[in-house]
Amino acid sequence: MSEYFAGIDVGSTMTKAVILEKEIVTSVIGPTGPEQRRLANRVMQEALDQAGLAFDAIAYVVSTGYGRINVPFADKQVTEISCHAKGVVSLFPEARTIIDIGGQDSKAINVDATGRVTNFIMNDKCAAGSGRFIEVIADSLGLALHEVGTVSLQSVAPATISNICTIWAQQEVASSLAEGVPIPDLLAGVHRSLADRVARMVKRIKVEKEVVLTGGGGKNKALHQALEEQLGCEILLPPEPLITGALGAALLGRDLYEKALSKNQPLETKPRVLEAAQIL
């Protein structure tokens, strides 16, 4: 009989769900918003529907991310640091440094060959070191977030963005735009500015190859390129950079389940019931 495992990652801007058997069966991504409990129920139901599974087919559920306590059906909660490490190493066994750039924070994680975290550092105090920095600038330029990377790569003379504060940088961009600086050059400068701050954070721990970029930052080609320039090395990308935390949560759940099974010590689990009122 097949065993299925689920990981739910409630991030600051996106909530992700992964259902795992031997490989990933399905994954779902949705915007977090203020109602984290509702979205956790909704993405889990969508993932089950896509996989063609009933909830009682899921042997174990692990939640992670800053909103992990708002997943009522999770059997266990695990920090996002451990889950990102486990998820990335399952995809890239050679990975030793992970850079995760999310909507509200950035992280750098060192791991060993088993996916065990050996060191990490976070920037969760200032939006200027996270994806929020790019989002604010994109809004001020009237661009959708998914457009900024492609537009930035059209730059021929990247601008210099000297302000490290998001609000002041936004004003600096507006002033430069009024002076006739092309939008691609402004965006290239913004990406270089963010990459510089993230790279300086990463260098505070040991940068070991291979380096992997995850989170929303991994979907931005210009930021990916700017980070490679700042760190002077190739940076690998997962097939879907947003789901590595949820994947790691599912994998850790599977490890816990199989370990308990081998010792004939069944794990305590929550009732396999989603809150119907929270799915609509």
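Sort out which residues of segment 38-60 are surrounded by 18 or more Cβ atoms within 10 Å (Cβ to Cβ) and among the small types (Gly, Ala, Ser), and write them in order of number. Give the derivation first.
Keep residues of segment 38-60 that are surrounded by 18 or more Cβ atoms within 10 Å (Cβ to Cβ), which gives 39-45, 47-48, 51, 53, 58-60.
Selection gives Ala40, Ala47, Ala51, Ala59.
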All but one of (1) touching a Leu at 6+ places or on another chain (Cβ under 9 Å); (2) surrounded by 21 or more Cβ atoms within 10 Å (Cβ to Cβ); (3) of a type in the set (A, V, I, L, M) hold for Ala249; which doesn't? (1)
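Can you confirm whether segment 87-103 contains a residue that is buried (at least 23 other Cβ atoms within 10 Å of the Cβ), more than 26 Å from Gln225 (Cα to Cα) and of a type in the set (Gly, Ala, Ser)? Lay out the reasoning, then the answer.
First, pick out the residues of segment 87-103 that are buried (at least 23 other Cβ atoms within 10 Å of the Cβ): 87-89, 95, 97-102.
Filter again for more than 26 Å from Gln225 (Cα to Cα), leaving none.
Scanning segment 87-103 turns up no residue that is buried (at least 23 other Cβ atoms within 10 Å of the Cβ), more than 26 Å from Gln225 (Cα to Cα) and of a type in the set (Gly, Ala, Ser).
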Val88 versus (1) farther than 26 Å from Val117 by Cβ; (2) in a helix (DSSP H, G or I); (3) not polar (S, T, N, Q): which is the lone unmet condition? (1)
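Would you call Ser193 surrounded by fewer than 16 Cβ atoms within 10 Å (Cβ to Cβ), among the hydroxyl-bearing types (Ser, Thr, Tyr) and assigned to a helix (DSSP H, G or I)? Reasoning before the result, please.
Details: surrounded by fewer than 16 Cβ atoms within 10 Å (Cβ to Cβ): no; among the hydroxyl-bearing types (Ser, Thr, Tyr): yes; assigned to a helix (DSSP H, G or I): yes.
For Ser193, the condition - surrounded by fewer than 16 Cβ atoms within 10 Å (Cβ to Cβ), among the hydroxyl-bearing types (Ser, Thr, Tyr) and assigned to a helix (DSSP H, G or I) - is not met.
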Can you pull out every residue in segment 219-245 that is assigned to a helix (DSSP H, G or I), of a type in the set (A, V, I, L, M) and over 16 Å from Ala199 (Cβ atoms)? Leu242, Ile243
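Given the criteria within 26 Å of Arg132 (Cβ to Cβ), surrounded by fewer than 23 Cβ atoms within 10 Å (Cβ to Cβ) and either touching a strand residue (DSSP E or B) at 6+ places or on another chain (Cβ under 9 Å) or hydrophobic (A, V, I, L, M, F, W, C) (or both), does Thr79 qualify?
Here the answer is yes, as Thr79 does meet what is asked.
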Return the pairs, sorted by first residue and then second, in which the second residue is of a type in the set (Gly, Ala, Ser) and surrounded by 15 or more Cβ atoms within 10 Å (Cβ to Cβ), the first residue lies in segment 254-265 and is assigned by TED's automatic domain parsing to the domain that holds Tyr60 and closer than 16 Å to Ser2 by Cα, the beta carbons are less than 6 Å apart, and the residues are 6+ apart or on different chains. Tyr257/Ala59
May I ask you to verify whether Val61 is under 20 Å from Lys22 (Cα atoms), at pLDDT 95 or above and in the same structural domain as Lys270 (by TED's automatic domain parsing)? yes
Collect the residues in segment 196-216 that are within 21 Å of Glu94 (Cα to Cα) and either among the hydrophobic types (A, V, I, L, M, F, W, C) or in a helix (DSSP H, G or I) (or both), keeping them in residue-number order. Ala199, Val202, Ile205, Val207, Val211, Val212, Leu213
So which of Leu213, Leu237, Leu242 is aliphatic (A, V, I, L, M), in contact (Cβ under 8 Å) with a residue 40 or more places away in the chain and touching a Leu at 6+ places or on another chain (Cβ under 9 Å)? Leu213
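Okay, residues lined up against (1) under 20 Å from His146 (Cβ atoms); (2) among the acidic types (Asp, Glu); (3) assigned by TED's automatic domain parsing to the domain that holds Ile99:
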{"residue": "Asp196", "(1), (2), (3)": "no, yes, yes"}
{"residue": "Met201", "(1), (2), (3)": "no, no, yes"}
{"residue": "Glu208", "(1), (2), (3)": "no, yes, yes"}
{"residue": "Val212", "(1), (2), (3)": "no, no, yes"}
{"residue": "Gly217", "(1), (2), (3)": "yes, no, yes"}
{"residue": "Lys221", "(1), (2), (3)": "yes, no, yes"}
{"residue": "Leu227", "(1), (2), (3)": "yes, no, yes"}
{"residue": "Gln230", "(1), (2), (3)": "no, no, yes"}
{"residue": "Cys233", "(1), (2), (3)": "no, no, yes"}
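The values are calculated or read from the model by the stated rules, or taken from the named source; none is laboratory data. Just so it is clear, the model here is predicted, and its values are computed rather than measured. Note: ideal-geometry Cβ built from the backbone for every residue, glycine included; neighbour counts use all protein chains shown.
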